[in-house]
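Encoded as structure tokens, the structure appears first; notes follow it.
We did not get these values from a lab; they are worked out from the coordinates using the rules stated. Everything quoted here is computed from the prediction, not taken from an experiment. Here Cβ is always computed from backbone atoms with ideal geometry, including for glycine, and neighbour counts include all displayed protein chains.
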Amino acid sequence: MVPFSLAVWLLLLPVLLQDAASSEAVCEAQAQRIIGGRPAPSDGLSWPWQVSIFYQGKHICGGALIAEKWVLSAAHCFPNFKMQTKHYVVVLGAYQLLNTSSNTVTSDIQRIILHPSYDSYDTPPPRGDIALVELKSPVSFTAYIRPICLPEASVQFSMEESCVVTGWGEIQPGVALPPPLTLQEVKVPLIDREKCNSLFNAAQREPPLYNPVGPGMICAGYQEGGKDSCQGDSGGPLACPYDGHWVLAGVVSWGIGCGRPGLPGVYSSVPFYATWISQHIPSMTFAMRGNGGVNGREQNSPAVILLLVFFALTLL
Ligand SMILES: *[C@@H]1O[C@H](CO)[C@@H](O)[C@H](O)[C@H]1NC(C)=O
């Protein structure tokens, strides 16, 4: 016969296991992948938040899955969005866009929310170049389809940190990625706004741009050029390691050419827009400064600890 206390424990076991599973924020699952270097890009599993946005059957932009029903992308990807929402689809879980597998899911779009400060008629550089794309229905997370953590507004990324930008954009200005359109990744360090502005101000160009990198932007790249995002990567993720997991630091926005020396790529800063994102998605959780956690995580921990204590007591 099973002793009473053990029977109680066994009854609670499924609850405990379920609790433990749900307490782990899904976007944290990539944590081990950072430690010990980058995974091989060929497995198609490295960047499960990367999505492609198709317009009339063709890849036009990237995006990042941030929740079951939401993708973050760039506002300039949707120039006439009101009329054309039905012409766009989101492709998730893809690695080679022209050689997709059963892991790939295509979703229609419910709604596109452009940041209110974005104006497609503004003179460049674009302000508020960020957009929330709501999917028609929630996607199921798999090894190939998983959201990336979002940083809270107070998060400051270390400038020494190497981040990774991914996409299916051009491999050189005017040179499209060849078939079967295999997802590309490139490691780029962040460059702070002040330094980035001084680089742009020093560049000889007509018409000159003065301090073009606004408060909602962050730069990434190399002073010597050569590695950068390009046309077609727009809206795609700039992911940075933060407290042991990948966090979405930026959204590919603009540049002058691609990979030119002294002209880094410019990204919409995700911490800068965190408040706007939470206004539209109140249930969204954010990676916070300091504790390395993701909001949803702590809520369940006390229950798990209590049950563990209880289990220990039943063993006595
Ligand atoms: C298409 O994808 C499969 C795996 O899903 C791979 O084995 C094959 O090499 C790919 N084809 C090309 C042309 O890369």
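Among (1) surrounded by fewer than 20 Cβ atoms within 10 Å (Cβ to Cβ); (2) under 21 Å from residue 54 (Cα atoms), which single condition is residue 116 missing?
With respect to (1) surrounded by fewer than 20 Cβ atoms within 10 Å (Cβ to Cβ); (2) under 21 Å from residue 54 (Cα atoms), residue 116 is out only on (2).
Please specify each residue of the range 184-205 satisfying the condition of being assigned to a loop (DSSP other than H, G, I, E, B) and of a type in the set (S, T, N, Q).
204
Condition check ((1) buried (at least 19 other Cβ atoms within 10 Å of the Cβ); (2) within 16 Å of the ligand (Cβ to nearest atom); (3) not charged (D, E, K, R)) across all residues:
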| site | (1), (2), (3) |
| --- | --- |
| 145 | yes, yes, yes |
| 168 | yes, yes, yes |
| 180 | no, yes, yes |
| 200 | yes, no, yes |
